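Structure first, commentary second.
The values are calculated or read from the model by the stated rules, or taken from the named source; none is laboratory data. Only a predicted model underlies this, so the values are computations on that prediction, with no experimental measurement involved. For neighbour counting, all protein chains shown are included, and Cβ atoms are generated from backbone atoms with ideal geometry for every residue, glycine included.
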Amino acid sequence: MSNLILSVLMLAGAALLAGGIYVLRKGINRKQGWLMLVAAAVMFANVGIGSIPVPESNQPVSPQSGD
């Protein structure tokens with residue numbers, strides 16, 4: 001499920017990046033273009049953070065049945 005979410009974020013980030021560049025080059029609404037670029041950067045940062053591997057020692061502790 002996590003891989004699906006990261007993939008959708010990458011596709012949405014790419015679409016926002018392309019749209020932001022298009023809007024800025026056309027000069028239609030520069031504020032909206034810059035906001036689209038910022039949103040794309042945030043999405044790419046989220047994908048980068050989400051893809052960092054977690055060490056085994058930081059996994060949640062499961063209850064032991066032997067106690």
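So which residues in segment 11-30 are exposed (fewer than 13 other Cβ atoms within 10 Å of the Cβ) and under 12 Å from the mean Cα position of the chain (by Cα)?
Leu11
How do the pairs read when you match residues in segment 2-14 that are within 9 Å of Met43 (Cβ to Cβ) with residues anywhere that are assigned to a helix (DSSP H, G or I) and aromatic (Phe, Trp, Tyr), using Cβ under 6 Å and keeping only pairs 6 or more apart or on different chains?
Matching pairs, first to second residue: Gly13/Phe44.
Would you call Ser62 among the hydroxyl-bearing types (Ser, Thr, Tyr), exposed (fewer than 13 other Cβ atoms within 10 Å of the Cβ) and over 10 Å from the mean Cα position of the chain (by Cα)?
yes
Name the single residue that is modelled with the highest pLDDT among those in segment 56-67 being in a loop (DSSP other than H, G, I, E, B) and either charged (D, E, K, R) or closer than 24 Å to Leu4 by Cβ (or both).
Pro60
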